[in-house]
Amino acid sequence: MLKLLPSFRIRLSKRCYAAVLAERNKNFAKVMESDVLAFENFLGKEGVLKDDITLNTTDWTGQFKGPGSVVLFPKNTEQVSAILAYCSKNKLAVVPQGGNTGLVGASIPVHDEVVLSLSKINNSFSFDDTMGILKCDAGFILEDLDNKLASLGYMVPFDLGAKGSCQIGGNIATCAGGIRLIRYGSLHAHLLGLTVVLPDEHGTVLHLGSDIRKDNTSLHTPHLFLGSEGQLGVITSVTMTAVPRPKSVQSAMLAVTSFEKCCEVLKLAKSSLSEVLSSFEFLDEATMKCLKTNLDLHSVLGTPSAFCVLVETSGSNEDHDMAKMGAFLDECLSKELILDGVLAGSSADATKMWQLRESAPLAVSRDGYVYKHDVSLPLKNYYELTNVMRERCGDLAKSVVTYGHVGDGNTHLNITSEKHSEALENLLYPFLYEWVVAHGGSISAEHGIGQLKLPYSELGKQPEERLLVKKLKNIFDPNGILNPYKMI
Ligand code: FAD
Ligand code: MLT
Ligand code: ZN
């Protein structure tokens, strides 16, 4: 799995979206020496970082960077409560930060906000292996959590390339999607309860939902925090369901000549692999080229093709699953839906396939300046977007690359250029997002709004809905100190 070490970061762009988007709110106070002393009083000196805070003030893409002021490392919910009560009383703005792997600039300061890192809140872990219910601190790294569950025969019901760095609290705050959503559904299906701290003058601690599977006694308040991007409160503990770890995993990579055929393969996978289908991922030829040129990663398929899909099944009976996968591949070939295919014969083979898919974000980041997109579209328009944009960008783009969770209708269209280009940017926006909404899509499928998409966040939404969201924000965060200049 990709460990997102600082060395993986791409060069910093001189451009700072934040500066373009938002002026500093003068109602917020500036962090003074007396505030730092107060924080040190709550957390000890080791819980307050004042110098060399670049890692916490720069995002993974390198396109977002804010000066920040100080980074705080509370170790428990009580310390988070003390920080938020203090910041609320003193009008200090705060950015909650998990693993800082988000791709829309939501986890870093825009100006001099205090960064509140959850990375030290990662001790408490309990698991009910009869009901499959997990309760843990929000700062656990997803991969560490999954490894803990592995020894108990279970796994986290979602997976993403950033699993070596992202945190479960950050996953809830972004409503992360990833590569298993087609099988296990979104996090809405798994979240049961949360402990959250509100940014009010008491640093109110709320225990929302419950630790049991069914509870219809109230509004489903924990779910308000799914995808809330640190706007409503700070999540310190998560209760959710886990799923039995599959005993048999079959992976295949298929070469396909047209996008229409990719959709036919998906239909067939759903009907013939049905309950064991666990992933259906997509890479186009431009992605393969980028992987080869920038990371020296080569396709596992002998035959070059315009498209490539990665199909995986997860089940409990190898003979049964292999028979299903075999029959599916035979049908794909006999109906001439695929040109070629490789079935992984070992976990090492499967790892090679997944390395291709999961390295795609890194491969494009090495291509130059990247205009990243994460949108949902009806499948009939999924690749049409790539074709439209390829034609529109012409020679201004270096690469027009598409990979994504095609089984969920979620495309990641990445457009690169040697360096940031005003001309290319003007061609892309708002045209691209308006096109997506006009075709019945969503401008953010799984990465959120953050700073990146703030100018377009009203697209496709009713004004009344936006107003309701603002009212909700005001209830949770009356002083507006939590993660300002973003999403809401
Ligand atoms: P951060 O980036 O630190 O924060 C994200 C947002 O959540 C911010 O608004 C922050 O303020 C808020 N937040 C974080 N923790 C808390 C908390 N405890 N309480 C309140 N608010 C909080 N995303 C997908 O959905 N699917 C993918 O397949 C996927 N693949 C990726 C692959 C790579 C290589 C990379 C770099 C990123 C990928 N992402 C993907 C994006 C990212 O990993 C996810 O959005 C992830 O869920 C973010 O978690 P994090 O802990 O890094 O959160
Ligand atoms: C992915 O699916 O690889 C991620 O969401 C990251 C990206 O879009 O680059
Ligand atoms: Zn994705």
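The values are calculated or read from the model by the stated rules, or taken from the named source; none is laboratory data. All values derive from a computational prediction rather than experimental measurement. Glycine gets a Cβ as well: all are built from the backbone with ideal geometry, and neighbour counts include every protein chain shown. Ligands, DNA and RNA are excluded from the accessible area calculation, which covers all protein heavy atoms including side chains. Shrake-Rupley method; radii C 1.70, N 1.55, O 1.52, S 1.80 Å.
Within the range 130-147, the presence of a residue that is within 16 Å of ligand 3 (Cβ to nearest atom) and either open to solvent by 40 Å² or more (accessible area, probe 1.4 Å) or not assigned by TED's automatic domain parsing to the domain that holds M240 (or both) is excluded.
The single residue among S248, S299, S271, S210 that is of a type in the set (G, A, S), under 29 Å from L118 (Cβ atoms) and either in contact with a strand residue (DSSP E or B) (Cβ under 6 Å, 6 or more places away or on another chain) or without any contact (Cβ under 8 Å) to a residue 60 or more places away in the chain (or both) turns out to be S210.
Is there a residue in the range 390-401 that is within 16 Å of ligand 1 (Cβ to nearest atom), closer than 25 Å to E358 by Cβ and outside the structural domain of T61 (by TED's automatic domain parsing)? Yes, the range 390-401 has at least one match.
Here Y154 passes the criteria (1) more than 8 Å from ligand 1 (Cβ to nearest atom); (2) open to solvent by less than 40 Å² (accessible area, probe 1.4 Å); (3) within 28 Å of F73 (Cα to Cα) except the one numbered (3). Take G407 and decide whether it is in a helix (DSSP H, G or I), within 23 Å of P361 (Cβ to Cβ) and within 16 Å of ligand 3 (Cβ to nearest atom). Taking the combined requirement at face value, the residue satisfies it. Of the numbered criteria (1) touching a Cys at 6+ places or on another chain (Cβ under 9 Å); (2) without any contact (Cβ under 8 Å) to a residue 60 or more places away in the chain, the one A323 fails is (1).
You will find that of S248, S278, S299, the residue that is over 26 Å from the mean Cα position of the chain (by Cα) and either among the small types (G, A, S) or open to solvent by 10 Å² or more (accessible area, probe 1.4 Å) (or both) is S248 and no other.
Please go through the range 390-446 and give me each residue that is touching a helix residue (DSSP H, G or I) at 6+ places or on another chain (Cβ under 6 Å) and among the aromatic types (F, W, Y), ordered by number. Once the filter is applied, which keeps residues that are touching a helix residue (DSSP H, G or I) at 6+ places or on another chain (Cβ under 6 Å) and among the aromatic types (F, W, Y), the range 390-446 yields Y403, Y433. Quick check on the range 344-358. Is at least one of its residues open to solvent by less than 40 Å² (accessible area, probe 1.4 Å), modelled with pLDDT of 95 or more, over 21 Å from L291 (Cβ atoms) and more than 29 Å from the chain's Cα centre (by Cα)? No, the range 344-358 contains no residue that is open to solvent by less than 40 Å² (accessible area, probe 1.4 Å), modelled with pLDDT of 95 or more, over 21 Å from L291 (Cβ atoms) and more than 29 Å from the chain's Cα centre (by Cα).
The rows are residues; the columns are (1) more than 16 Å from ligand 2 (Cβ to nearest atom); (2) β-branched (V, I, T); (3) free of Cβ contacts under 8 Å to residues at least 40 places away in the same chain.
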| position | (1), (2), (3) |
| --- | --- |
| Y371 | no, no, no |
| Y382 | no, no, no |
| L385 | no, no, no |
| A397 | yes, no, yes |
| V401 | no, yes, no |
| S417 | yes, no, no |
| E446 | no, no, no |
| P455 | yes, no, no |
| E465 | yes, no, yes |
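Residues in the range 461-488 that are part of a loop (DSSP other than H, G, I, E, B) and crowded, with 16+ Cβ neighbours inside 10 Å: D477, N479, G480, I481, N483, P484, Y485, K486, M487, I488. For residues in the range 157-171 being within 16 Å of ligand 2 (Cβ to nearest atom) and of a type in the set (A, V, I, L, M), which is surrounded by the fewest Cβ atoms within 10 Å (Cβ to Cβ)? Ranking the qualifying residues of the range 157-171, first place goes to L160.
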